[in-house]
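Take a look at the structure set out below.
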Amino acid sequence: MRGPVRILVDADACPVKEEIYKVAWRHEVSVTVVSNSHLRVPQHPLLSRVVVSDGFDAADDWIAENSDARTIAITADILLADRCLKAGATVLAPTGKPFTTSSIGGAIATRAIMADLRAGGDQLGGPAPFSKTDRSRFLQALDTALVGLKRR
């Protein structure tokens, strides 16, 4: 089964939505923006918005259930990335870092260790501020992923 390539965006905290739109329009690929609340999305025939309930992981569930081998999922959520990979999707973080079947196990383990440290009262810094380099890396990674999927 060879359906169209599409992009699913875990949009509530995604810092690269505008970049996603521009790359998708250039490649003529549809984008679905999934969120727990109403977000402004430009009017364009390739863009659609899905607003899910505010239930725990409702957006993640929708994205995971709608992911397949012709999907690029954009998320910073490691557990959602794992679910999308298991569905066959290509998964990118907003920093341009690809999640892969070989890297996701280590990412999940690191996430669990950090959660344990925080639960134990350790003061840990958050992620580094989002940078121009992250944005540039993301644009390149999304373009590369789209070209690769379209060739399959």
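The values are calculated or read from the model by the stated rules, or taken from the named source; none is laboratory data. The model shown is predicted, which means the values in this text are computed figures rather than measured ones. Because the Cβ atoms are built from the backbone with ideal geometry, glycine has one as well, and the counts that use them run over all protein chains shown. Heavy atoms of the whole protein, side chains included, go into the accessibility calculation; ligands, DNA and RNA do not. Shrake-Rupley method; radii C 1.70, N 1.55, O 1.52, S 1.80 Å.
The table below gives the values:
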item: Segment 5-114: chymotrypsin sites (Phe, Trp or Tyr not before Pro) in DSSP loop, at most 15 other beta carbons within 10 Å; result: Phe56
item: Net lengthening on full extension, Asp143/Ala119 (0.36 nm per residue, minus Cα-Cα); result: 4.8 nm
item: Estimated 222 nm signal from helices in the chain, with DSSP H stretches of n ≥ 4 weighted -39500 (n - 2.57), rounded to 500; result: -13500 deg cm²/dmol
item: Per residue solvent-accessible surface (Å²) - the chain, probe of 1.4 Å; result: 57 Å²
item: Quarter of Cα convex hull surface for the chain, i.e. mean projection, nm²; result: 9.7 nm²
item: Cβ-based net charge around Asp54, under 13 Å, with every Lys or Arg adding one and every Asp or Glu removing one; result: -4
item: Arg152/His44 FRET efficiency (R0 35 Å; Cβ-Cβ; nearest 0.05); result: 0.90
item: Label-point gap, in nm, between Val52 and Asp12 - each point 7 angstrom along Cα→Cβ; result: 0.9 nm
item: Proximal charge balance of Ser35 [Cβ under 12 Å; K/R count +1, D/E count -1]; result: -1
item: Largest-first ellipsoid semi-axes for segment 1-69, taking √(5λ) over the Cα gyration tensor eigenvalues, angstrom; result: 20, 16, 9
item: FRET efficiency estimate (nearest 0.05) - Cβ-Cβ, Ser102 to Trp25, R0 35 angstrom; result: 0.65
